[in-house]
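**Q** Have a look at the structure that comes next, please.
The values are calculated or read from the model by the stated rules, or taken from the named source; none is laboratory data. No experiment lies behind these values; they were computed from the predicted model shown. Quick reminder, even Gly has a Cβ in these numbers, built from the backbone with ideal geometry, and neighbours come from all protein chains shown.
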Amino acid sequence: MRRVPWPLLPVCGALLLVASCGWGRPDGDEGRAPGPPTGVTAQAGSATSVHVMWNAVSDSPGVRRYEVYRGTTKVEEVPGSLHMVDVTRLRPSTMYAFTVRARDTEGRLGPPSRAVRARTPAAVAADRSAPTRPSKPAGRAVGSREVQLSWGASRDDRGVVSYDVYQGGAKIHSVGGNQTATVLTGLRPGTGYVFTVRARDAADNLSPASTPVRLTTPGTDDGSSTAPTGFTARTHRADGAYYIDLSWDPPRVDGVVTEYQIRLDGASATSLVWGGTPPPGRAGYSFYVGRSAAQEHRVRLRARLPDGTWGGWSPERTVTTGS
């Protein structure tokens, strides 16, 4: 299998990442482009932006990215791990039609989704007053992979256009300003989540975050299904120094993994973050551990999943420098 280098953004001392070519396709998937995304929605977020969301394309492996079109013009691209985007620089009081297409790791572009329409509201001049904080947020788990949230309406002198839902610090959902409840899907069983809600007006003023809603989905998840597989570790010596070489297969999840955490000898050693969508397939990482031979080290890693939580740890491997 030919190996292809891929750059990363170093965090906390990360040095080098090399990823190889993509996973093989299951029988029958050769040459088949991704299907059209389903569940596409579009909701005005302000006078100049629309929030577009869709479901992951699950009937085709290896979706590298999604492309969002305004009419026939491609306006946004996002990694395969994301299923929403804010389309900006739009005109107030204008109706727009959006479609979404999936592109796989072989470069094949699937057919467009059904078109969805959204009208941006009128522009509001010199509006610097943000909506009030959404009140009394509440929620409950309605399954092992979804939760229902609700909140009290915010007040604004010109009117609330949309509500944004955050999971931790990441925006994961948006609904119209006349909606004060929603259902979030694609979560993990037996996992704790923290959600907040913020209101947005036509001038893009954003309210303070609501008080957090803490929920745990029912069921169990021992992490084995979200842990990197095929994890190996060995050492090599170069220029009088010793390095640990890691290799693994990313976990099979709904989306693309772009961040890993490495633990060395029981302590956090480094985080690896790709600067873009990494190619699928086996990945590797090499890092410096000193100049002494016969030193024993324990190492393992885990992935940050598309839902914002950390997946399960890989098995721990033990290596000895100079062995």
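**Q** Residues 234, 263: which one is in a strand (DSSP E or B) and under 18 Å from residue 292 (Cβ atoms)? Break it down stepwise before answering.
**A** Values: 263 fails: under 18 Å from residue 292 (Cβ atoms).
Within the list 234, 263, the selection yields 234.
**Q** Something else: Of the residues that sit in region 184-216 and are assigned to a loop (DSSP other than H, G, I, E, B) and of a type in the set (Gly, Ala, Ser), which one is farthest from residue 41 (Cα to Cα)?
**A** If we filter region 184-216 for residues that are assigned to a loop (DSSP other than H, G, I, E, B), which is where we start, we get 185-191, 202-205, 207-212.
After this cut, where a residue has to be of a type in the set (Gly, Ala, Ser) as well, the list is 186, 190, 202-203, 207, 209-210.
Numbers: 186: 16, 190: 28, 202: 19, 203: 22, 207: 23, 209: 24, 210: 24 Å.
Applying the filter and picking the extreme gives 190.
**Q** Can you pull out the residues in region 294-311 that are in a strand (DSSP E or B) and buried (at least 16 other Cβ atoms within 10 Å of the Cβ)? Please lay out each step first, then the result.
**A** Filtering region 294-311 down to residues in a strand (DSSP E or B) leaves 296-304, 310.
Passing the criteria: 297, 299, 300, 301, 302, 303, 304.
**Q** Pick from region 193-247 the residues that are under 30 Å from residue 153 (Cα atoms) and acidic (Asp, Glu): which of them is surrounded by the most Cβ atoms within 10 Å (Cβ to Cβ)?
**A** From region 193-247, those under 30 Å from residue 153 (Cα atoms) are 193-218; that's our starting set.
Then keep just the ones that are acidic (Asp, Glu); that gives 201, 204.
Numbers: 201: 26, 204: 16.
Ranking the qualifying residues of region 193-247, first place goes to 201.
**Q** Could you run through region 32-53 and say how many residues are in contact with a Leu (Cβ under 9 Å, 6 or more places away or on another chain), of a type outside the set (S, T, N, Q) and either more than 18 Å from residue 82 (Cα to Cα) or outside any strand (DSSP E or B) (or both)?
**A** The number of residues fulfilling the criteria is 4.
**Q** If you don't mind, another one. Which one of the conditions (1) out of contact with any strand residue (DSSP E or B) (no Cβ under 6 Å at 6 or more places or on another chain); (2) surrounded by fewer than 20 Cβ atoms within 10 Å (Cβ to Cβ); (3) touching a residue at least 60 places away in the same chain (Cβ under 8 Å); (4) not assigned by TED's automatic domain parsing to the domain that holds residue 316 does residue 188 fail to meet, given that it meets all the rest?
**A** (2)
**Q** Check whether at least one residue in region 155-165 is modelled with pLDDT of 90 or more, buried (at least 20 other Cβ atoms within 10 Å of the Cβ), farther than 30 Å from residue 72 by Cβ and among the aliphatic types (A, V, I, L, M), and report yes or no.
**A** yes
**Q** Say we look at region 71-105 and pick out the residues that are of a type in the set (A, V, I, L, M, F, W, C) and in contact with a Pro (Cβ under 8 Å, 6 or more places away or on another chain); which of these is modelled with the highest pLDDT? Walk me through how you get there before you give the answer.
**A** Quick first cut of region 71-105, residues of a type in the set (A, V, I, L, M, F, W, C) only: 75, 78, 82, 84-85, 87, 90, 95, 97-98, 100, 102.
With the extra rule that they be in contact with a Pro (Cβ under 8 Å, 6 or more places away or on another chain), the set shrinks to 82, 100, 102.
On the way: 82: 79, 100: 96, 102: 92.
Checking each candidate, the answer is 100.
**Q** Just one of (1) in a strand (DSSP E or B); (2) modelled with pLDDT of 90 or more trips up residue 4, so point out which.
**A** With respect to (1) in a strand (DSSP E or B); (2) modelled with pLDDT of 90 or more, residue 4 is out only on (2).
**Q** Further question on the same structure: Among the residues of region 52-111, how many are of a type in the set (A, V, I, L, M), farther than 21 Å from residue 164 by Cβ and surrounded by fewer than 19 Cβ atoms within 10 Å (Cβ to Cβ)?
**A** Here is the first cut: in region 52-111, the residues of a type in the set (A, V, I, L, M) are 52-53, 56-57, 63, 68, 75, 78, 82, 84-85, 87, 90, 95, 97, 100, 102, 109.
Going one step further and asking which of them are farther than 21 Å from residue 164 by Cβ, we end up with 57, 63, 95, 97, 102, 109.
Retained after the next criterion (residues that are surrounded by fewer than 19 Cβ atoms within 10 Å (Cβ to Cβ)): 95, 97, 109.
Counting residues in region 52-111 that are of a type in the set (A, V, I, L, M), farther than 21 Å from residue 164 by Cβ and surrounded by fewer than 19 Cβ atoms within 10 Å (Cβ to Cβ) gives 3.
**Q** Right, here's the next one. Determine if region 19-31 includes at least one residue that is within 17 Å of the chain's Cα centre (by Cα), under 23 Å from residue 107 (Cα atoms), polar (S, T, N, Q) and modelled with pLDDT under 90. Can you show your working first?
**A** Just the residues of region 19-31 that are within 17 Å of the chain's Cα centre (by Cα), to begin with: none.
Checked against the condition, which is being within 17 Å of the chain's Cα centre (by Cα), under 23 Å from residue 107 (Cα atoms), polar (S, T, N, Q) and modelled with pLDDT under 90, region 19-31 yields no hits at all.
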